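Visitor: Quick one: the structure is below, and I'll ask about it shortly.
The values are calculated or read from the model by the stated rules, or taken from the named source; none is laboratory data. None of the values given here were measured: they were computed from a predicted structure. Heads up, the Cβs are rebuilt from the backbone with ideal geometry, glycines too, and the neighbour counts pull from every protein chain shown.
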Amino acid sequence: MTTKDWESIYDSRLKSASEAMAAVQSHQKVFLAPYCNEPQTLVEELVAQKNRLEDVTIYNAVVGSPCVYADPSCHEHFKIRTFLGSGALKSAYINNVCDYLPVNLSDMPRWVRQEKIDIALVQVSPPNSEGYCNLGISVDTVQALIKNANFVIAQVNDELPRTFGDTLVHVSEIDTFVVSNRPLLTLFSGTPSELEMKIGSYVAELIPDYANIQVGLGKIADAVLLSLKSKKGLGCHSGSITDAVTDLMDLGVITNEHKEIDQYKTICTTMTGTDALYQYTNNNKNIELYQSDYTHNAAVIAKLSNFISVNSALEVDLSGQINAEQVGTYPVAGVGGQMDFIRGARLSKGGKAIIALPSTARRGAESRIKAKVPYITSVKTEIDYVVTEYGIASLFGKSLRERAEELVAIAHPDFREDLRAQFNSALSV
């Protein structure tokens with residue numbers, strides 16, 4: 001296709017936000033590009049047109065989004081189906097217009113291919129000289145959306161970095177373009193506390209030099225990464241990368257030199273952080289983004305030796321069952337890629353699956369280590385270690401009583417006696 005050909009296609013499909021969003025009709029399914037790549041101008045225009053719409057289903061995965069479509073004024077117009085919960089969705093849950101889809105991230109492209117999505121709202125860079133736009137900070141399920149949704153509307157944003165991997169989309173694959181240059185969604189988890197740094201230091205003890213790592217989001221994840229500064233030759237194959245990952249790349253800690261696949265490349269499906277992270281990744285050939293059916297594929301991860309998966313949780317019980325999704329009446333997080341990376345770590349030669357969490361919640365009023373958890377995200381047979389600020393519980397190959405003893409030992413001292421009593425009581429029933 002010549003430059004004149006693709007420019008003609010692009011120009012003919014340019015519309016204002018209001019014109020573009022007129023394509024959305026009542027009773028349709030609308031899928032928003034996930035995480036910090038949610039196209040805010042298109043979302044805001046969808047909300048602005050809500051009064052003409054009814055029973056529109058919005059699919060999302062929330063990280064950093066203000067979720068304006070979850071405002072109470074939208075409840076009679078939109079239903080929300082989320083793959084990753086958020087406190088911003090609370091009112092929608094309370095009013096029964098939000099439901100949670102527990103789907104592993106590795107399966108998300110497959111889910112998109114089998115589901116009939118009417119409208120995909122995505123965000124891309126302006127086209128390059130060959131007519132290719134760039135997905136920038138997140139690939140995740142977007143390539144599958146673009147290829148399978150009935151109609152694709154793209155917000156064209158020159159703030160989006162140009163990244164490498166499976167990030168290119170030709171203008172001919174998109175039905176409508178809306179130019180809207182504005183700051184991207186960002187997420188800064190804050191400086192880890194002394195307690196969180198203690199957890200990070202314990203996790204770092206379990207990560208050898210030259211390992212390949214996956215670390216999630218949040219202050220504990222940042223604490224883990226900050227605790228790795230003395231390590232050598234680490235590789236990174238993760239779901240998301242943050243500012244703390246790029247800091248380790250600059251320090252020469254993450255070099256990716258010992259990877260069996262994707263050597264010298266930091267691999268992820270999305271970037272979640274500050275503007276500094278997005279600027280760092282712009283035209284950076286050392287970082288590549290791929291769909292989640294590659295980044296989260298256990299068979300791919302298994303090719304990397306010494307793969308260490310580090311994830312957080314809301315609660316863990318005395319058998320090692322993990323709840324990372326829900327406390328109370330509605331989900332506050334999601335399945336995400338936790339089980340994907342745990343499976344990959346278990347298949348990796350020398351791999352380890354680690355769960356890291358504080359010992360208490362509600363400012364010390366409640367133990368996060370429970371006799372039993374009400375919701376199970378990851379099962380006890382898959383977890384090698386659980387870490388709190390009180391140490392490391394080694395679970396692999398241990399009996400239920402031995403597991404309980406390990407986990408009680410890393411619980412907050414205020415709750416240990418009660419946890420032992422609950423465990424012994426359960427055995428005597």
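Visitor: Condition first: buried (at least 22 other Cβ atoms within 10 Å of the Cβ), closer than 24 Å to Gly273 by Cα and touching a residue at least 24 places away in the same chain (Cβ under 8 Å). Can you find one or more residues in the range 69-80 that meet it?
Guide: There is at least one residue in the range 69-80 that is buried (at least 22 other Cβ atoms within 10 Å of the Cβ), closer than 24 Å to Gly273 by Cα and touching a residue at least 24 places away in the same chain (Cβ under 8 Å).
Visitor: Sticking with this one: Just for the range 156-202: of the residues that are among the hydrophobic types (A, V, I, L, M, F, W, C), touching a strand residue (DSSP E or B) at 6+ places or on another chain (Cβ under 6 Å) and closer than 25 Å to Ile241 by Cβ, which one is surrounded by the most Cβ atoms within 10 Å (Cβ to Cβ)?
Guide: Checked the range 156-202; the qualifying residue surrounded by the most Cβ atoms within 10 Å (Cβ to Cβ) is Ile199.
Visitor: Within the range 71-90, how many residues turn out to be of a type in the set (S, T, N, Q), closer than 24 Å to Ala20 by Cβ and outside any helix (DSSP H, G or I)?
Guide: 1
Visitor: On the basis of being within 30 Å of Leu217 (Cβ to Cβ) and in contact with a Gly (Cβ under 9 Å, 6 or more places away or on another chain), does Tyr10 make the cut?
Guide: Judged against the criteria, Tyr10 is not a match.
Visitor: For the range 1-70, which helices (runs of 4 or more DSSP H) that fit wholly inside it have 3 or more residues that are more than 22 Å from the chain's Cα centre (by Cα) and modelled with pLDDT of 95 or more?
Guide: Qualifying helices (runs of 4 or more DSSP H): 17-21, 40-48.
Visitor: Sticking with this one: Exactly one of these conditions fails for Ile153: (1) surrounded by fewer than 16 Cβ atoms within 10 Å (Cβ to Cβ); (2) farther than 30 Å from Gln326 by Cβ; (3) β-branched (Val, Ile, Thr). Give me its number.
Guide: Answer for Ile153: the failing condition is (1).
Visitor: While we're on this one: Kindly provide the set of residues from the range 352-367 that are in contact with a Phe, Trp or Tyr (Cβ under 9 Å, 6 or more places away or on another chain) and hydrophobic (A, V, I, L, M, F, W, C), ordered by number.
Guide: Ala353, Ile354, Ile355, Ala356
Visitor: Follow-up. Can you tell me how many residues within the range 175-200 are in contact with a Leu (Cβ under 9 Å, 6 or more places away or on another chain), farther than 20 Å from Gln40 by Cβ and modelled with pLDDT of 95 or more?
Guide: Going through the range 175-200 one residue at a time, the tally reaches 3.
Visitor: Working carefully through the options Thr255, Thr266, find the one that is of a type outside the set (D, E, K, R), out of contact with any helix residue (DSSP H, G or I) (no Cβ under 7 Å at 6 or more places or on another chain), free of Cβ contacts under 8 Å to residues at least 60 places away in the same chain and at negative phi. Spell out how you get there, then give the answer.
Guide: Numbers: Thr266 fails: out of contact with any helix residue (DSSP H, G or I) (no Cβ under 7 Å at 6 or more places or on another chain).
The unique qualifying residue is Thr255.
Visitor: Separate question: Could you look through the range 308-319, keep only residues that are assigned to a loop (DSSP other than H, G, I, E, B) and small (Gly, Ala, Ser), and pick out the one that is surrounded by the fewest Cβ atoms within 10 Å (Cβ to Cβ)?
Guide: Ranking the qualifying residues of the range 308-319, first place goes to Ser319.
Visitor: Does Asn60 count as within 24 Å of Thr274 (Cβ to Cβ) and not aliphatic (A, V, I, L, M)?
Guide: Here the answer is yes, as Asn60 does meet what is asked.
Okay, residues lined up against (1) more than 23 Å from Tyr278 (Cα to Cα); (2) hydrophobic (A, V, I, L, M, F, W, C):
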site: Pro109; (1), (2): yes, no
site: Cys133; (1), (2): no, yes
site: Val152; (1), (2): yes, yes
site: Asp158; (1), (2): no, no
site: Gly165; (1), (2): no, no
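Visitor: Could you check the range 94-190 for strands (runs of 3 or more DSSP E) lying wholly inside it with 3 or more residues that are in contact (Cβ under 8 Å) with a residue 60 or more places away in the chain and either closer than 30 Å to Ser73 by Cα or not acidic (Asp, Glu) (or both)?
Guide: Those strands (runs of 3 or more DSSP E) span 119-124, 151-156, 176-179.
Visitor: Would you point out the residue of the range 136-148, among those that are in contact with a Lys or Arg (Cβ under 9 Å, 6 or more places away or on another chain) and buried (at least 22 other Cβ atoms within 10 Å of the Cβ), that is nearest to Asn60 (Cα to Cα)?
Guide: The extreme case among them is Ala144.
Visitor: Which members of the range 256-287 meet the condition of being farther than 14 Å from Phe188 by Cα and surrounded by 20 or more Cβ atoms within 10 Å (Cβ to Cβ)?
Guide: Asn256, Lys259, Asp262, Thr266, Ile267, Cys268, Thr269, Thr270, Tyr280, Thr281, Ile287
Visitor: With the requirement that a residue be among the aliphatic types (A, V, I, L, M), outside any loop (DSSP other than H, G, I, E, B) and closer than 25 Å to Leu289 by Cβ, what does the range 204-222 give you?
Guide: Of everything in the range 204-222, those that are among the aliphatic types (A, V, I, L, M), outside any loop (DSSP other than H, G, I, E, B) and closer than 25 Å to Leu289 by Cβ turn out to be Ile213, Val215, Ile220, Ala221.
Visitor: Assuming Ala421 fulfils every condition listed in (1) surrounded by 14 or more Cβ atoms within 10 Å (Cβ to Cβ); (2) assigned to a helix (DSSP H, G or I); (3) among the hydrophobic types (A, V, I, L, M, F, W, C) apart from one, which condition is it?
Guide: Among (1) surrounded by 14 or more Cβ atoms within 10 Å (Cβ to Cβ); (2) assigned to a helix (DSSP H, G or I); (3) among the hydrophobic types (A, V, I, L, M, F, W, C), the lone unmet condition for Ala421 is (1).
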